[in-house]
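Remarks on the structure that follows.
The values are calculated or read from the model by the stated rules, or taken from the named source; none is laboratory data. None of these values were measured; they are calculated from a predicted model. We place every Cβ from the backbone using ideal geometry, glycine too, and count neighbours over all the protein chains shown.
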Amino acid sequence: MNIIEKDKQYIANTYARFPLQLAKGKGSLVYDETGKEYIDLGTGIAVNTFGVADEAWKAAVLSQLDKIQHTSNLYYSAPCAELAEALCNRTGMKKVFFSNSGAEANETAIKVARKYGEKTKGAEYNVLITLKNSFHGRTITTLSATGQEVFHEHFTPMTEGFVHATANDLDDLKTLIGAHKCCGIMLELVQGEGGVTALDKDYVQAAYRLARENDLLFIVDEVQTGNGRTGALYAYMAYGITPDVVTTAKGLGGGLPIGATLLGERVQDIFTPGLNGSTFGGNPVACAGALSILHRLDEDLLASVREKSEYIFQTLTGAKGVKGVSGMGLMIGIECEKDAGEVIAKCIEKGVLVIKAKHKIRLLPALNIGWDELKKAIEIVKEVIAQ
Ligand SMILES: *Cc1c(COP(=O)(O)O)cnc(C)c1O
């Protein structure tokens, strides 16, 4: 049996994989088992922040592996405390809870919001407002938060206490706040899985003011948008708001699983020992790698992300077969006249990996992708879309 057959026989049938086996890589180049080269514009869904086998990240991870690979949260360990300190220093948030994935980071944020509602107004104030077309994870509760009915099918009953507002519609948000006993609002500033669409700045700022006026927690899900992806360290920084809770995961670990829930001033003391926990959360190897990633997300790097973003927008906007380009930074959606699946297959054939978001092509290149590689890959994408 070859690997594809083996996978089909033994792996649970939840993924429609591309017919491609990735064996290794370096930076933004990856190779299949036959040695064919691809320029990677997907980075394992915005995870490999500095590409594959990045030297600085590898050095940080390997050095920690030589010391201790896991401690549990029964003991103190340096990488976890140092990463939390760096995250707080860079964001102004006060405390961090570490987990292993985006869904878990959001689960924690939901717990924080419910406990905050209980504390400030009473336990019946437990409803969270999220947006239609959002994506917050695959656990039953984060699916419940996810404002797409299709994800709820087959798994009912969903967790209670979630209502979904129409994005960029302030009146809808006001109506829901009035109609339910709410504890918070949770949203993605650029909806990723929903089709790579950035929320309007005016809407976000008005929603933020509404949250303040009604004493609701303002939670931003930066699992995908975080860690430099949008050209800001965290997307909320470009929106001119200071959330109460920020969740992140994907790119933070640079390739190893990590989730983080950042707690602002209002909720920094919401947890007490025993109220939440994780066996793997704050794993020293994942944290050591993440710390090296975070240190490199400086203003120069973020400026280069914005510059590369502008290049992609300019090259593809109005190009033949392109209906529209959306997103922010190096998180870009391309709406094509052609079927997205066809475009992706053709790009793979021509040596470029791109992924999908709804009916769009999604680009999530490494933040340090070389100009030559980026230009070559975008020309191929453009050509395929035009054909
Ligand atoms: C990917 C994603 C999640 C889920 O993250 P997992 O690590 O797969 O659990 C949650 N929210 C957003 C915005 C995401 O993009």
Residues that are surrounded by 19 or more Cβ atoms within 10 Å (Cβ to Cβ) and of a type in the set (Gly, Ala, Ser): does segment 169-180 have at least one?
no
Quick check, is Gly231 of a type in the set (Gly, Ala, Ser) and either surrounded by fewer than 22 Cβ atoms within 10 Å (Cβ to Cβ) or within 17 Å of the chain's Cα centre (by Cα) (or both)?
yes
Per the filter on segment 22-42, residues surrounded by 14 or more Cβ atoms within 10 Å (Cβ to Cβ) and of a type outside the set (A, V, I, L, M) are Gly25, Gly27, Ser28, Tyr31, Asp32, Tyr38, Asp40, Gly42
Pick from segment 234-248 the residues that are crowded, with 23+ Cβ neighbours inside 10 Å and closer than 20 Å to Val267 by Cα: which of them is farthest from the chain's Cα centre (by Cα)?
Asp244
Among the residues of segment 378-385, are any in contact with a Ser or Thr (Cβ under 8 Å, 6 or more places away or on another chain), crowded, with 21+ Cβ neighbours inside 10 Å and of a type in the set (Lys, Arg)?
no
Test of understanding: among Ile270, Ile258, which residue is aliphatic (A, V, I, L, M) and surrounded by fewer than 24 Cβ atoms within 10 Å (Cβ to Cβ)?
Ile270
Working carefully through the options Pro257, Pro243, find the one that is free of Cβ contacts under 8 Å to residues at least 40 places away in the same chain and either more than 16 Å from the ligand (Cβ to nearest atom) or over 18 Å from Thr146 (Cβ atoms) (or both).
Pro243
Quick count over segment 131-163, residues being in contact (Cβ under 8 Å) with a residue 24 or more places away in the chain and within 16 Å of the ligand (Cβ to nearest atom), is 14
I need the full set of residues from segment 26-39 which are of a type outside the set (Lys, Arg) and out of contact with any Gly (no Cβ under 7 Å at 6 or more places or on another chain), in order please.
Leu29, Val30, Asp32, Glu33, Thr34, Gly35
Restricting to segment 91-101, and then to whatever is surrounded by 17 or more Cβ atoms within 10 Å (Cβ to Cβ) and of a type outside the set (Ser, Thr, Tyr), can you tell me which residue is nearest to the ligand (Cβ to nearest atom)?
Asn100
Tell me which of these Val220 doesn't satisfy, since it passes every other one: (1) farther than 15 Å from Gly137 by Cα; (2) touching an Asp or Glu at 6+ places or on another chain (Cβ under 8 Å).
(1)
Top-ranked residue of segment 70-83 - restricted to ones that are surrounded by 12 or more Cβ atoms within 10 Å (Cβ to Cβ) and more than 13 Å from Gly253 (Cα to Cα), ranked as farthest from the ligand (Cβ to nearest atom):
Ala78
Does Ala288 satisfy the criteria of being under 14 Å from Leu83 (Cβ atoms), buried (at least 24 other Cβ atoms within 10 Å of the Cβ), among the small types (Gly, Ala, Ser) and within 16 Å of the ligand (Cβ to nearest atom)?
no
So, in segment 179-236, exactly how many residues are in a strand (DSSP E or B) and more than 12 Å from the ligand (Cβ to nearest atom)?
8
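What about Thr166, is it within 16 Å of the ligand (Cβ to nearest atom) and of a type in the set (Val, Ile, Thr)?
Numbers: within 16 Å of the ligand (Cβ to nearest atom): no; of a type in the set (Val, Ile, Thr): yes.
Criteria not met by Thr166.
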From the list Glu104, Glu118, which one is within 16 Å of the ligand (Cβ to nearest atom), assigned to a helix (DSSP H, G or I) and either touching a residue at least 24 places away in the same chain (Cβ under 8 Å) or of a type outside the set (Phe, Trp, Tyr) (or both)?
Glu104
Of the residues Leu143, Leu199, Leu189, Leu176, which is more than 25 Å from Lys250 (Cα to Cα) and out of contact with any Asp or Glu (no Cβ under 7 Å at 6 or more places or on another chain)?
Leu176
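Conditions (1) touching a Lys or Arg at 6+ places or on another chain (Cβ under 8 Å); (2) modelled with pLDDT under 95; (3) under 23 Å from Gly42 (Cα atoms), marked per residue:
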| position | (1), (2), (3) |
| --- | --- |
| Ile177 | no, no, no |
| His180 | no, no, no |
| Val190 | no, no, yes |
| Tyr203 | no, no, no |
| Phe218 | yes, no, no |
